[in-house]
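The values are calculated or read from the model by the stated rules, or taken from the named source; none is laboratory data. All values derive from a computational prediction rather than experimental measurement. As a convention, Cβ positions derive from the backbone with ideal geometry for all residues, glycine included, and neighbour counts pool all protein chains shown.
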Amino acid sequence: MKAESKLLPTEEVVKKFVNDGDLVCFGGFTHGIPFAVGHEMIRQKKKNLKVCKETPDLLVDQMIAAGCVKHTIFSWAGNPGVGLLHAFRRAIEKGIPQPITYEEYTHFIMAARYFAGASGIPFIPISAGVVGSDLVTHRKNLKTMECPYT
């Protein structure tokens with residue numbers, strides 16, 4: 001018996017699985033940026049999205065310009081090889097097309113956050129990327145703890 005295909009057109013995937021206000025995480029870098037799904041979110045006028053991407057790039061900038069994004073979570077904001085994120089900057093500085101909020105972390109912390117989520121656990125205890133920085137003073141969701149084993 002042949003298994004039924006679970007493949008769906010991008011339009012249907014976005015309509016079925018992406019709701020206004022959702023947290024959407026993107027992977028990909030340079031040639032691997034998922035433009036098709038991001039552009040479909042723009043076409044469907046998704047609103048108030050929380051976008052998580054280690055390095056928000058041209059796609060996230062376009063989504064901000066289209067008014068889809070309310071909050072971004074990232075580890076470095078820029079557009080390698082192309083230039084600045086103009087819509088991102090306008091939204092932060094002038095609230096155009098709407099104000100956005102953001103959370104900035106290190107690349108390692110972002111990877112640990114993804115790992116924790118994929119593992120179904122609430123956090124990963126780490127020191128790399130935190131010790132020696134002032135992130136804990138600026139990010140209320142980062143906390144220090146004593147090792148429970150030593």
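Name the residue that is modelled with the highest pLDDT, counting only residues in segment 1-22 that are over 25 Å from residue 68 (Cβ atoms) and among the hydrophobic types (A, V, I, L, M, F, W, C). Looking at the filtered set, the residue picked out is 3.
Is one or more of the residues making up segment 48-60 surrounded by fewer than 16 Cβ atoms within 10 Å (Cβ to Cβ) and part of a loop (DSSP other than H, G, I, E, B)? Yes, segment 48-60 contains at least one residue that is surrounded by fewer than 16 Cβ atoms within 10 Å (Cβ to Cβ) and part of a loop (DSSP other than H, G, I, E, B). State whether one or more residues within segment 82-98 are touching a helix residue (DSSP H, G or I) at 6+ places or on another chain (Cβ under 9 Å) and of a type in the set (S, T, N, Q). Taking every residue of segment 82-98 in turn, at least one turns out to be touching a helix residue (DSSP H, G or I) at 6+ places or on another chain (Cβ under 9 Å) and of a type in the set (S, T, N, Q). Going by the structure shown, is residue 133 modelled with pLDDT under 90 and within 30 Å of residue 87 (Cβ to Cβ)? Against the criterion (modelled with pLDDT under 90 and within 30 Å of residue 87 (Cβ to Cβ)), residue 133 qualifies.
Which members of segment 1-40 meet the condition of being part of a helix (DSSP H, G or I) and free of Cβ contacts under 8 Å to residues at least 24 places away in the same chain? Result: 12, 16, 17, 31, 32, 39. The residue of segment 10-32 that is nearest to residue 81 (Cα to Cα), among those that are out of contact with any Lys or Arg (no Cβ under 9 Å at 6 or more places or on another chain) and β-branched (Val, Ile, Thr), is 30.
Among residues of segment 29-64 being modelled with pLDDT of 95 or more and of a type in the set (S, T, N, Q), the one that is farthest from the chain's Cα centre (by Cα) is 44. Residue count for segment 116-129 under the criterion of being modelled with pLDDT of 90 or more and under 19 Å from residue 144 (Cα atoms): the result is 3.
For the structure I just gave you, tell me whether residue 116 is surrounded by 14 or more Cβ atoms within 10 Å (Cβ to Cβ), out of contact with any Leu (no Cβ under 8 Å at 6 or more places or on another chain), hydrophobic (A, V, I, L, M, F, W, C) and under 30 Å from residue 15 (Cβ atoms).
yes
When segment 78-87 is limited to residues that are hydrophobic (A, V, I, L, M, F, W, C) and at pLDDT below 95, the one that is farthest from residue 140 (Cα to Cα) turns out to be 82.
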